[in-house]
Structures are given as structure tokens and as C-alpha cells.
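The values are calculated or read from the model by the stated rules, or taken from the named source; none is laboratory data. Just so it is clear, the model here is predicted, and its values are computed rather than measured. Please note: Cβ atoms are built from the backbone with ideal geometry, for glycine as well, and neighbour counts cover all protein chains shown. Heavy atoms of the whole protein, side chains included, go into the accessibility calculation; ligands, DNA and RNA do not. Shrake-Rupley method; radii C 1.70, N 1.55, O 1.52, S 1.80 Å.
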Amino acid sequence: MEARSIKHPSTGAFTAEEFVISAGCVPLMPLPRDPMKTGPRLPDEYTVIYIRKRRNGDKVLAKGRKDVGEAIPETATRETFEETGYKSTIIELPTPSLAPGTKSTTMNKEPIGITLKKPASTAP
């Protein structure tokens, strides 16, 4: 994957009318395997499941908006099922975190990314 230069906002506060919380998963499908092979699967024994946008044909990961009162992990698995038809389970991954009490890399199920988009301007 190619590295991208991302500019982070230095500060910001947003009201509920200015943002949407979305969640999704990176669904993995096991590839066919020799039945004689035992033990855990290696990362190269999976393929990522994408969905294709009707508008332009781009391949994207399944995600969608969080419902009021819904926990983010439930949003992620629900949206993945709604968009792919596959039930999913969120697994812990070793990911860096800035959360208090964590080491540089911690096994967790917390969100691992965020996208900030400038809202579309509205004409007066």
C-alpha cells in the first residue's frame, strides 16, 4: 500500500449536526486450503471482501452509519452483513493506541481509523 500524506486538524470541536459516525469491518474470506494442512491460517490464506460501488465501479469496504444508541462494534458487524451478506466477528488486532494505560501496541477491538471529510458547501 502506498503511503499517503495526511494533514490532521490541530484542533476542532463539532456538534452532532456536523458529523456522522460510521463503522465497518475488513471482512476476510479464507481461501481454499489443502485439507491435509492443519494449524492456524496465515495472513496470505485470506482474501479481503470488497463491495463495488454502482456509481463508478470502485471497490470499497462495507460500512455505514451508526444508529442512535448502537455500539460501534454492532454497527460495524450489522453494516458488513447488510452490504455483503456475510456475518462477521470482530477480532482483536495488535494496533497502536494513544489511549491512557496502553503500551505502544495493544491487542484491542477499538476503531483503527477515522476519515474526516469537509462537508459539502450549501448554497445560500
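General remarks:
- So Gly113, is it at pLDDT below 85 and out of contact with any Asp or Glu (no Cβ under 7 Å at 6 or more places or on another chain): yes
Okay, residues lined up against (1) more than 21 Å from the chain's Cα centre (by Cα); (2) assigned to a loop (DSSP other than H, G, I, E, B):
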site: Glu17; (1), (2): yes, no
site: Ala23; (1), (2): no, no
site: Val26; (1), (2): no, yes
site: Pro32; (1), (2): yes, yes
site: Pro35; (1), (2): yes, yes
site: Thr38; (1), (2): yes, yes
site: Asp44; (1), (2): no, no
site: Thr47; (1), (2): no, no
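- Residue match in segment 69-92 (condition: at pLDDT below 90, in a strand (DSSP E or B) and open to solvent by 50 Å² or more (accessible area, probe 1.4 Å)): no
- For the residues Thr11, Thr15, the requirement of being open to solvent by 100 Å² or more (accessible area, probe 1.4 Å), at pLDDT below 90 and farther than 21 Å from Lys109 by Cα singles out Thr11.
- Thr102 being open to solvent by 80 Å² or more (accessible area, probe 1.4 Å), part of a loop (DSSP other than H, G, I, E, B) and modelled with pLDDT under 85: no
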